[in-house]
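Trainee: Please see the structure below; I have some questions.
The values are calculated or read from the model by the stated rules, or taken from the named source; none is laboratory data. The structure displayed is predicted, hence computed values, not measured ones. Methodologically, a virtual Cβ is constructed for each residue, glycine included, from the backbone with ideal geometry; neighbour enumeration extends over all protein chains shown.
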Amino acid sequence: MDPITAAALTALAGGLGGEGGRQAWQGLTALVRRPFGRAAAQGTQDDGTPPVSSGELEVAALEGVPADPMRAQVLATALGVRAALDGEFRVLLDEWWQQAQASFSGGAVHNSISGGTQNGPVLQGRDFSSITFNTTRTAASTERE
């Protein structure tokens, strides 16, 4: 599993990424609310050590102050520890992280035109649909019909 960065968590909590980012944050919130896979995590563990955080408090703390990098790091650590102890959570967290990364990378647009004169329309942007160009028919295209 790729590590979940504090910077990415800060961006998601702050609403960056638009609708995709908001949905990713909601997905994380729902994921950490799932019951923890280890029964010992509900109270103290058999060896007397304190329970492991589910991540709920950390999500709420970062949501309250989304620009706080320390809260984001605490959440990233809590998610990593829980994933290490709960195999089912690890799989679900990894799936969530892959989707969240796709929502970040899907929003970037990098356009470049080079090589001299362009002989037709050039569009720069992302996610075009239903585009038509008014073109003139040449004699060769008329003869083919």
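Trainee: Only residues that are within 19 Å of ALA7 (Cβ to Cβ), of a type outside the set (Val, Ile, Thr) and touching a Lys or Arg at 6+ places or on another chain (Cβ under 7 Å): list them for the stretch 60-99, please.
Mentor: ALA61, LEU62, ALA83
Trainee: Looking only at residues that are hydroxyl-bearing (Ser, Thr, Tyr) and either farther than 24 Å from ASP68 by Cβ or surrounded by fewer than 15 Cβ atoms within 10 Å (Cβ to Cβ) (or both) in the stretch 39-57, which one is modelled with the lowest pLDDT? Quick ask: steps written out before the conclusion?
Mentor: Just the residues of the stretch 39-57 that are hydroxyl-bearing (Ser, Thr, Tyr), to begin with: 44, 49, 53-54.
When the remaining residues are screened for being either farther than 24 Å from ASP68 by Cβ or surrounded by fewer than 15 Cβ atoms within 10 Å (Cβ to Cβ) (or both), the result is 44, 49.
On the way: THR44: 48, THR49: 58.
That would be THR44.
Trainee: Name the pairs whose Cβ atoms lie under 8 Å apart, with the first residue in the stretch 23-38 and under 14 Å from ARG82 (Cβ atoms) and modelled with pLDDT under 90, the second surrounded by fewer than 15 Cβ atoms within 10 Å (Cβ to Cβ) and not hydrophobic (A, V, I, L, M, F, W, C), and 6 or more positions between them or separate chains?
Mentor: Every condition considered, the pairs that remain are PHE36/GLN42; GLY37/GLY87; GLY37/GLU88.
Trainee: Still on this structure, I have one more. So in the stretch 76-133, with the set limited to residues that are assigned to a loop (DSSP other than H, G, I, E, B) and closer than 30 Å to VAL32 by Cβ, which one is modelled with the highest pLDDT? Quick ask: steps written out before the conclusion?
Mentor: In the first step, residues of the stretch 76-133 are kept if they are assigned to a loop (DSSP other than H, G, I, E, B); the result is 86, 106-133.
Next, from what is left, pick out any that are closer than 30 Å to VAL32 by Cβ: 86, 106-108.
Values: ASP86: 89, GLY106: 53, GLY107: 54, ALA108: 58.
That would be ASP86.
Trainee: Continuing with this model, one more query. Can you run down the residue pairs with Cβ atoms below 8 Å, 6 or more apart or on separate chains, where the first is in the stretch 75-89 and β-branched (Val, Ile, Thr) and the partner is at pLDDT below 90?
Mentor: As it stands, the answer is VAL81/VAL52; VAL81/SER53, since those pairs meet every condition given.
Trainee: Filter the stretch 59-75 down to residues that are outside any helix (DSSP H, G or I) and out of contact with any Leu (no Cβ under 9 Å at 6 or more places or on another chain) and give me whichever is farthest from ARG33 (Cα to Cα). Can you show your working first?
Mentor: Narrowing the stretch 59-75 to residues outside any helix (DSSP H, G or I): 65-68.
Then drop every residue that is not out of contact with any Leu (no Cβ under 9 Å at 6 or more places or on another chain), which leaves 65, 67.
Values: VAL65: 20, ALA67: 22 Å.
Result: ALA67.
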